[in-house]
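Notes to accompany the following structure.
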Amino acid sequence: MSAVSQPLRDASPLPTEASFPLSAPAPTTPEPIPATTLSSPVVLDVRDLKTYFFTYDGVVLALDGVSFKVRRGETLGLVGETGCGKSVTAFSVTRLIPDPPGRVISGKVLFRGIDLLWGLDAEAKIKINPKTGRAKVRRSFRRIKAGLERMSAVRGRGISMIFQEPTQAMNPVFSVADQISEALILHQGTHLVDEMMSATPDAPEVLPAMEALVDVTRAGGDPDTARRAAAKVAEAVHLPSFGTQSFYLVRDSELSSEDMVRRLQRGLRRTYLSRMERRYLRYRRKRMVIEDELHDLYLSEMREGRVDRRQRRILRGRRTRLRLGGFYYGVWGIRGRIQRPLRDEAFWRTVGRLEEVSIANPVQVAKGYPHELSGGMLQRVMITMALSVEPTILIADEPTTALDVTIQAQILELMRELKTRIGTAILLITHDLAVIAEVADRVCVMYAGQIVETARARDLYTHPLHPYTQGLLASIPNLERPDKKLSSIPGSVPDLIHPPEGCRFHPRCPYAMPVCKEVRPPTTVEGAEHTVACHLYKGTVAVE
Amino acid sequence: MSAGVTEAPAPLAEPAEAVPVARRGRRPNPRIAQMKRTWYFLRRNTLAMVGIVILVIFILIAIYALFQPIPWTQLQQECASSGLYPPVNGCLCTYSSGTVSPGPNCYQTPSGYPSDIAPTIDFSHGTLGPLPLGSITTAPSNPTFYNIYAGLLRGSDWSLGVSVAIVGTGALIGLLVGAISGFFGGWVDEALMRIVDIFLSIPQILFVIIVIAVLVALPVFQPFGMRVALLIVGFVIVWWPFYARIVRGQVLVVREQKYVEAAKASGAGGGRLVLRHIIPNSVYPIFVQMSLDVGTIPLLLGTLVYLGFPVFPTIYFPEWGSMAALSVYSGAGASTFTDALLTCQFGTCVIPWWQFLFPGLMLFLYAISVNFLADGLRDALDPRLRR
Amino acid sequence: MFRSDTAPALITSYNLRKYFPIRGGLFSTRIGDVRAVDGVSLDVRESETLGLVGESGCGKTTVGRLMLRLIEPTSGHTYYHPSPETVAKLESLYATLKGGVGGGDGDGGTGGTPEAQAALKDLDEIADQYSLYRMKHSKMKELRGKLQIVFQDPFSSLSPRMLVRDIIGEPLAIHHAGTRSERAQRVAELVQEVGLNPEHLWRFPHEFSGGQRQRIGIARALALRPEFIVLDEPTSALDVSVQAQILNILKKLQSEQRLAYMFISHHLSVVRAMSHHVAVMYLGEIVERAGTEDLFSRPLHPYTQALLSAIPVPDPTLKRERIVLKGDVPSPAAPPPGCRFHTRCPAVMPVCSHTPPPLIEVRREHWVACHLYPPTGGEVVGVPIPFRTTAVGTTTVPQAS
């Protein structure tokens, strides 16, 4: 009995008072899937993802064949309890699994047609010792490193993530603006530089626009009119971030009009670039372009499935030469000074973005440090950072678990609003079924490393098919119906080193049949976009 | 391997007394399982394994040395420079180049070396072979040979023993002070920490030197045992503050943990809390520091003697540092490194490399193996790095 | 679920205050206070559960610890098993003081009328006799067995270097309750009561899941047959189904052993399932207190209403109109003047920014501290619930343009 090394699980739970709601299983004749629901293109297609962790106690079969699809603009909720593997799924998709001890073993992750897991098999060879259950993994670090570098083309741009603990997700020694600017410059640097270089501070419309803004501000009243006036100034200068800056510069209404205009003109000074600064910006732009080309190269490599060594060598050579040439600027321009225009531009853009997520004092927040902000504000900042690059899909790993209920409500409103405004697809991972009900369009329920049910949100809550889903829904204390007794699912989450045979839920399932102990149930289609993996249902097997 | 379907909990059929009696027999000891796990992680760390292997060798040497008839207060062997044939007490007969060999198995000193220094490569001579002899010449007519091999053996005993004593005592004191200071907080904490600061500000070796220099003249410290005690006490005085600091830091963390509060809620008093909850959970960082220090202290001891301090009653004391120190032969009867350097004259000053290389190598290997082991232990014990 | 209010009070607190000094400056002088708990009065009745609700930073955890004397209050008193006469006397004494129970100066106020001074003296005498904070440590130690606590984080509330049997048996060992074998037997009983196996006793805590660890914590709290247990967010770190198991155990134990609970949580739905009475805290003060059904069906204080409306509904066919509060919780070191909620209140009035509202009983067994409900009496209907849950149409997948 390997009782020593095997963590114990609950072997003798209390007898439960209420059983699961005994809804009849769904009709066994499957409805034909209408073609019109599949109208949006699929942006993330995960097929049969398997991730194992090789530990002292054995091999943890964390993910055992997980498949789901996310379409453009939709919110997919991934629900499950602690230890079911939902965070592992998110990290596997972006290849953030810590390499010893974990590895993605097999599967396909297609992000807009690009296979993110390309090159996986070549990276490591695994031999499992049947006696002890431990495995020996021989890794090729060179290939792993190459793979991770390829992922850098996708991470942060196509796929971005926000995490659970906002107070720990940011670097405490840099200000908020520094960190968001870093992301902005990295991902949208070329646009930034182009706009900066094409600013026209000397245009004749600038001064009248500034005076109009000052008049509007002095007259008081609606901040929206002030914003519109500021936008006009920005148009005159051809620099959108100057609109934000001018709005905040004149908000202090104790100054006289001339002082305010002077202040605005002082602020305008940052748009006048010296020759040296222009050269530096051009140099930076060249580097950014090279990085973009490299990223495109990686993407095409992943798409076609082969490494283009020649092109790589060319691009990397160019990059190195540029970098070496850049020492000149370090020598010349005490680097901080020469970077100031770029940083200022990024700062005001950051302020603009913080405004968009309705943060009250964006300038102070941007200048401040993460420890000065509360959890809710930080989570908004993280969302800003993640969405500022306009990614195709945002992976949110338990974003509201650490927050209070009222703040959670704010964040969920924000996510809903951004969803409609920007149209990013969201993969929302949480254990809170109520949060999913608020935000998600479709839901996947995970248990012990497998997806047991996928459905549209309202279908899941009104007709849960899998016994686990039913049990989960029954054990939520519902505010609307307090007299309903709290039922619980007997037993506890299985040990993933020695998971149960067949269906992993069978030891706790009230409807377990003999076949459940032996055969893993296939995922079958039971309705429009409703699939379930259970032997109770005998629909057609879903095609991957 | 299924987790079991709903069943009623098994009733406690056996009488209550059977529970404590039957425990060790039937159930595997969970603490042993933890040790097995730590060993597993250590095994996978090559540097730590190298360190362990070297340390094991050292320990074996120390044990072997315990049973050798090497007097550990002095190792000098008085030999005549020549004419002793057959050799007595492992002494050799030597003759300088240009003169004739007095007998078979006599060694010719290499050119450039005075007649009374001879490296032996003969492993069959003497009872204590196989490493070369070193020598300290006090007078050209009365060379004394110094058995490096014996010195290395005895020195390992000595170095290990003293460093364990120092580290053990220092850690104990530091643990108590740190635990009390961290747990009670307030003015107790402040007072104790200022004391720790005072002690930390003393430069370590300098303090030990001063203590020894001042006190060694006292008659009470003439016997060798008392001097060793003085040395140990001197080191402990400067060493315990490090441990106090480390423990206090950990105690501050442990003190805020909920299980301490739970024990308080059950009515536990300060003593019980400190002994049963705080100390067992705060002791981890010390282990690593202790193993590092066990490697560092022999280096410091060696430094002390190298600088010529009268730690030992004789200059022939078998301690690695002192052996390395006495390797400068200047021909004018110098007994310490500094003296020898000062009286060194070109042409007569020689340094037999074999006399400082081997003790130095021992020190180096010892210290580095302990360091590897400590590193590996820390990695293996840290729950976050668990793989 | 809701019992009549004639159950005798088990533990009552009056005007608890706890200020944590903020140290700064050259010699760590005290430059301000964090007013974690500022004038809280609560009572928990025998065999019933008082739910204490609020967001993080409102001081509810501190209140729990104060009532068990795990920390010493800056002012205020707690009485354990007070006799009805004492309670009556205390009520009348506090009534003569300015502001009454829960508001104004309470005890410790300086100056005032001679009646106030006499009342303070009387209060002091009663406190010397009965108050938990003035008991000698030896007497307090005896009481510790009756007043227990279960913590939120099952991972850090069990000492990692002790076996489970030692953890559960520690209270027994501290109080030298019985012989060694008797203690072992009791430990075995406790383990069964919470639904674990006897062989679990010989393991370390880290080998268990969160729900099991919480059961161990509960077993430890039950060791000395307590009468009152403070449950400090016992299920917040657990998953939903495990939470249900633990709550069921707690309810079973409450009915079997006549335990009184103080259930501290920020999950309103869980509190509703467990409590008989609920008190809502905001920034160190109690803003509303009522029986559970009363509070949830007719919440009076705007903060309570916002809290209730913020709870996400686990049913996508229902949509709740939300009261979304502006801004963040102010820092407890610098609470807003007057009513502490006025900076975020959707129903704020001019009087709210300079006068703190007293906690008054506006309906039977329903106290509110809000200027919307004046203390002059009269029929209070309550502000109609501005948030409703309605059914929504089908949700569609938004098409990206």
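The values are calculated or read from the model by the stated rules, or taken from the named source; none is laboratory data. Just so you know, these numbers come straight off a predicted model, no measurement behind them. No Cβ is skipped: glycine too gets one built from the backbone with ideal geometry, and neighbour counts run over all protein chains shown.
Scanning the range A:415-446 for residues that are at pLDDT 85 or above and more than 10 Å from every other protein chain (Cβ to nearest Cβ) gives A:I426, A:L427, A:L428, A:I429, A:T430, A:C444, A:V445, A:M446. Of all the listed residues (A:S300, A:S358, A:S257), the sole one being closer than 20 Å to A:M210 by Cβ and either surrounded by fewer than 16 Cβ atoms within 10 Å (Cβ to Cβ) or not hydroxyl-bearing (S, T, Y) (or both) is A:S257. Exactly one residue out of C:A188, C:A116 is part of a helix (DSSP H, G or I), surrounded by 15 or more Cβ atoms within 10 Å (Cβ to Cβ) and in contact with a Pro (Cβ under 6 Å, 6 or more places away or on another chain): that is C:A188. For the range C:141-151, the set of residues classified as assigned to a helix (DSSP H, G or I) and either surrounded by fewer than 16 Cβ atoms within 10 Å (Cβ to Cβ) or in contact with a Phe, Trp or Tyr (Cβ under 6 Å, 6 or more places away or on another chain) (or both) consists of C:E142 only. C:T304 satisfies every condition listed in (1) out of contact with any Asp or Glu (no Cβ under 6 Å at 6 or more places or on another chain); (2) crowded, with 20+ Cβ neighbours inside 10 Å; (3) more than 8 Å from every other protein chain (Cβ to nearest Cβ) except (1).
Here C:S92, C:S13 are screened, and the one residue that is modelled with pLDDT of 85 or more and among the small types (G, A, S) is C:S13. Has the range A:432-453 got at least one residue that is free of Cβ contacts under 8 Å to residues at least 60 places away in the same chain, more than 19 Å from A:A90 (Cβ to Cβ) and in a loop (DSSP other than H, G, I, E, B)? Looking through the range A:432-453, none of the residues is free of Cβ contacts under 8 Å to residues at least 60 places away in the same chain, more than 19 Å from A:A90 (Cβ to Cβ) and in a loop (DSSP other than H, G, I, E, B).
Restricting attention to the range A:373-389, the residues being surrounded by fewer than 20 Cβ atoms within 10 Å (Cβ to Cβ) and within 12 Å of another protein chain (Cβ to nearest Cβ) number 2. Quick check on the range B:252-274. Is at least one of its residues away from chain C (no Cβ under 14 Å), part of a helix (DSSP H, G or I) and buried (at least 20 other Cβ atoms within 10 Å of the Cβ)? The answer is no, given that none of the residues of the range B:252-274 is away from chain C (no Cβ under 14 Å), part of a helix (DSSP H, G or I) and buried (at least 20 other Cβ atoms within 10 Å of the Cβ). Taking the criterion of being more than 9 Å from chain A (Cβ to nearest Cβ) and without any contact (Cβ under 8 Å) to a residue 60 or more places away in the chain, the only residue of the range C:221-241 that qualifies is C:T235.
Whether a residue is within 14 Å of chain B (Cβ to nearest Cβ) and free of Cβ contacts under 8 Å to residues at least 60 places away in the same chain was assessed, and A:I97 passes this test. Scanning the range A:298-328 for residues that are part of a helix (DSSP H, G or I) and either touching a strand residue (DSSP E or B) at 6+ places or on another chain (Cβ under 6 Å) or touching a residue at least 60 places away in the same chain (Cβ under 8 Å) (or both) yields a total of 5. Residues in the range C:248-269 that are within 12 Å of another protein chain (Cβ to nearest Cβ) and within 14 Å of the chain's Cα centre (by Cα) were compared, and the one that is nearest to C:G51 (Cα to Cα) is C:S265. The set of residues from the range A:515-533 being in contact with a helix residue (DSSP H, G or I) (Cβ under 7 Å, 6 or more places away or on another chain), surrounded by 21 or more Cβ atoms within 10 Å (Cβ to Cβ) and not in a strand (DSSP E or B) comprises just one member, A:C516.
Of the conditions (1) within 9 Å of chain B (Cβ to nearest Cβ); (2) at pLDDT 85 or above, C:R215 clears all except one; give me its number. Exception for C:R215: condition (1).
Looking across the range B:207-238, the residues that are of a type in the set (G, A, S), exposed (fewer than 15 other Cβ atoms within 10 Å of the Cβ) and either in contact (Cβ under 8 Å) with a residue 12 or more places away in the chain or in a helix (DSSP H, G or I) (or both) come down to B:A213, B:G225, B:A229. Residues to consider are A:Y468, A:Y537; find the one that is within 14 Å of chain C (Cβ to nearest Cβ), in contact with a strand residue (DSSP E or B) (Cβ under 9 Å, 6 or more places away or on another chain), touching a residue at least 12 places away in the same chain (Cβ under 8 Å) and among the hydroxyl-bearing types (S, T, Y). Checking each option against the conditions leaves just A:Y468.
Across the range C:148-195, the number of residues qualifying as over 14 Å from C:R215 (Cα atoms), under 29 Å from the mean Cα position of the chain (by Cα), at the interface with chain B (Cβ under 8 Å from one of its Cβ atoms) and in contact (Cβ under 8 Å) with a residue 40 or more places away in the chain comes to 6. Would you say C:G39 is assigned to a strand (DSSP E or B), modelled with pLDDT of 85 or more and at positive phi? Judged against the criteria, C:G39 is a match.
Every residue, every condition in (1) among the aliphatic types (A, V, I, L, M); (2) in contact (Cβ under 8 Å) with a residue 12 or more places away in the chain; (3) in contact with a Ser or Thr (Cβ under 7 Å, 6 or more places away or on another chain); (4) not in a loop (DSSP other than H, G, I, E, B), yes or no:
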{"position": "C:T304", "(1), (2), (3), (4)": "no, yes, no, yes"}
{"position": "C:V324", "(1), (2), (3), (4)": "yes, yes, no, no"}
{"position": "C:V329", "(1), (2), (3), (4)": "yes, yes, no, no"}
{"position": "C:P332", "(1), (2), (3), (4)": "no, yes, no, no"}
